[in-house]
Amino acid sequence: MKVLVTGGLGFIGSHTVVELQNEGFEVVIIDDLSNATEDVLKGIEKITGKLPLFEKIDLREKAAVQDFFKKHSDVTGVIHFAASKAVGESVENPLLYYENNIGTLVYLLQQLQQKPEASFIFSSSCTVYGQAEKMPITEDAPIQAAMSPYGNTKQIGEEIITDTAKVTNISAILLRYFNPVGAHSSTEIGELPLGVPQNLVPFITQTGMGLRKELSVFGNDYPTPDGTAVRDYIHVVDLAKAHVIALQRLLNKKNLVKVETFNLGTGKGSSVLEVINSFEKVSNTKLPYKIMPRREGDITEAYANTDKANNVLGWKAQLTLDEAMASAWKWEQKVRS
Ligand code: UD1
């Protein structure tokens, strides 16, 4: 069974390709290498013993997408990661985000709707909930007005898929990720942010290596137990496995409705200080940090109610925050060695 993974050389994509190959799927990756390198293919091969097929394609080129589906006419399952994901950049350049994240989704769905049957897994985000009123967050929590063009592309993407599935042979699962962190235990693949990391964990590991002077903790006056903001940090390998289970669910027609939505998190909230503590413990290093004002657009807390993912999807996060931080640290050390 051949599966297309768009953005398959990226952070979550590459870990998912590993899990798909471990489960016996044949994988073809599309990536434009805008935020990844071809070296990732070697890492995947080292872990799984198999080199996935790879097509360097910019999904904004409609003709290239059409040609891909002519060449790989046996692809009926797609896991769609390829997208831009920097919140700040999306505010600066909204049209880039609408073109990259929405235009490309439309082109993919246009190809899939021509097939007698198709399965589509979409990378969505807990950002669609904004600051939810109730914790932990269930899938039926109201969608709130997006705080950035990036967040808006996830909301619009979900709507486009839902509208399309209603009138086509496409079935879909929308996966709303909480905060993916960590790296593969082999240290063959992991997160490789370009430039200064915007996300907490890569900033911590780079600071641990001395690449950054100190971490800025954005706000310690939140209404949380220690005053710092709370998130649900999920190990990327657990997250990757959820994609395989979701795809198998669609392929085996176990889905209850045409479009299903699942939160992917651990169910446990951790504050910024708890993440720092975890890092210090597993790395046995002291992390320099200073308390700074809140970052604009940040919410106080977000952690998942995982009942639906556990009971309906049949998936549960297995790895702890300490394990995630240890793997992220091991990866950072390898990358810099
Ligand atoms: C961010 C995005 C979110 C996106 C997700 C993808 C914002 C506002 N939100 O989520 O839309 O889906 O990344 O991974 O950018 N922190 C620090 N110091 C730092 C970096 C982060 O204290 O140098 C804090 C943040 O204030 C936050 C927590 O760490 O409380 C996690 O931050 P981050 O990793 O950027 O994730 P989110 O903001 O949750």
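The values are calculated or read from the model by the stated rules, or taken from the named source; none is laboratory data. Because the structure is a prediction, the values reported are computed rather than measured. Please note: Cβ atoms are built from the backbone with ideal geometry, for glycine as well, and neighbour counts cover all protein chains shown. Each accessible area value is taken on the protein alone, full model and side chains, heavy atoms only, with ligands, DNA and RNA left out. Shrake-Rupley method; radii C 1.70, N 1.55, O 1.52, S 1.80 Å.
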Report the full-extension gain for the segment Lys166 to Met1: residue separation times 0.36 nm, less the Cα-Cα distance, to one decimal in nm. 56.9 nm
So what J values fall out for the range 288-302 if you push phi through Karplus, 6.51 cos²θ - 1.76 cosθ + 1.60 with θ = phi - 60°, rounded to Hz, Gly and Pro as x? x, 8, 9, 7, 10, x, 4, 7, 4, x, 6, 9, 6, 8, 7
What does the C-alpha gyration tensor say about the overall shape of the range 291-337? Classify as rounded when a/c is under 1.5, otherwise prolate if a/b is larger than b/c, or oblate. oblate
Rounded percent of accessible protein surface that carbon and sulfur make up, the range 33-104, 1.4 Å probe: 52
Classify the range 95-194: rounded, prolate or oblate, from the alpha-carbon gyration tensor (a ≥ b ≥ c, eigenvalue square roots; a/c under 1.5 rounded; otherwise prolate if a/b is larger than b/c)? oblate
On each of the three principal axes of the Cα atoms of the chain, give max minus min coordinate, whole Å, ordered largest first. 55, 44, 39
If each part is reduced to its alpha-carbon centroid, the range 88-132 and the range 177-235 end up apart, in Å, by 25
Diagonalise the Cα gyration tensor of the range 209-330 and give the resulting equivalent ellipsoid semi-axes, square root of 5 times each eigenvalue, largest first, whole Å. 32, 18, 11
Most to least packed among 108-116, 324-332 [average Cβ atoms within 10 Å]: 324-332, 108-116
How large is the accessible surface per residue of the range 109-218, computed with a 1.4 Å probe and reported in Å² as a whole number? 42
The answer for Ile291, listing residues at least 5 apart or on another chain whose modeled amide H is closer than 5 Å to its amide H, is Val217
With the Cα gyration tensor of the range 246-290 giving a ≥ b ≥ c as the square roots of its eigenvalues, does the rule (a/c under 1.5 for rounded; else a/b larger than b/c for prolate; else oblate) give rounded, prolate or oblate? prolate
Sketch the reach of a paramagnetic label on Val257 as a point 7 Å from Cα along Cα-to-Cβ, and name the residues of the range 307-335 whose backbone nitrogen lies under 20 Å away. 307-315
What ranking do 288-301, 235-248, 200-213 get when scored by the average of other Cβ atoms within 10 Å per residue, highest first? 235-248, 200-213, 288-301
By how many degrees, between 0 and 90 and to the nearest 10, does the Cα long axis of helix 11-22 differ from the longest principal axis of the chain? 60
Between the helical axis of 39-48 and the dominant principal axis of the chain, each derived from Cα atoms, what acute angle in degrees is found, rounded to the nearest 10? 80
Lys71 and Asp322 label points (each 7 Å along its Cα→Cβ direction) are spaced in nm at 4.7
Sulfur and carbon atoms: percent of accessible area, the range 145-260 [1.4 Å]: 53
Please count, across the range 41-132, the pairs of lysine residues with Cα atoms under 19 Å apart that sit 8 or more places apart or on different chains. 9
Longest principal axis of the chain (C-alpha) makes with the long axis of helix 62-71 (C-alpha) an angle, in degrees to the nearest 10, of 60
Mean Cβ neighbour count within 10 Å, used as a protection proxy, ranking 218-226, 178-186 highest first: 178-186, 218-226
Taking springs between alpha-carbon atoms closer than 10 angstrom, which of Thr104, Thr16, Thr168 fluctuates most in the Gaussian network model of the chain? Thr168
Stretchable slack from Glu26 to Val91, in nm (0.36 nm times residue separation minus alpha-carbon distance): 19.7 nm
What is the extension gain from Lys62 to Glu159, computed as 0.36 nm multiplied by their sequence separation minus the C-alpha to C-alpha distance, in nm to one decimal? 32.8 nm
Heavy-atom accessible area per residue, the range 1-57, 1.4 Å probe: how many Å²? 39
What are the ³J(HN,Hα) couplings of the range 212-220, residue after residue, when phi is run through the Karplus curve with 6.51, -1.76, 1.60 and θ = phi - 60°? Round to Hz, x for glycine and proline. 10, 5, 7, 8, 8, 8, 7, x, 10
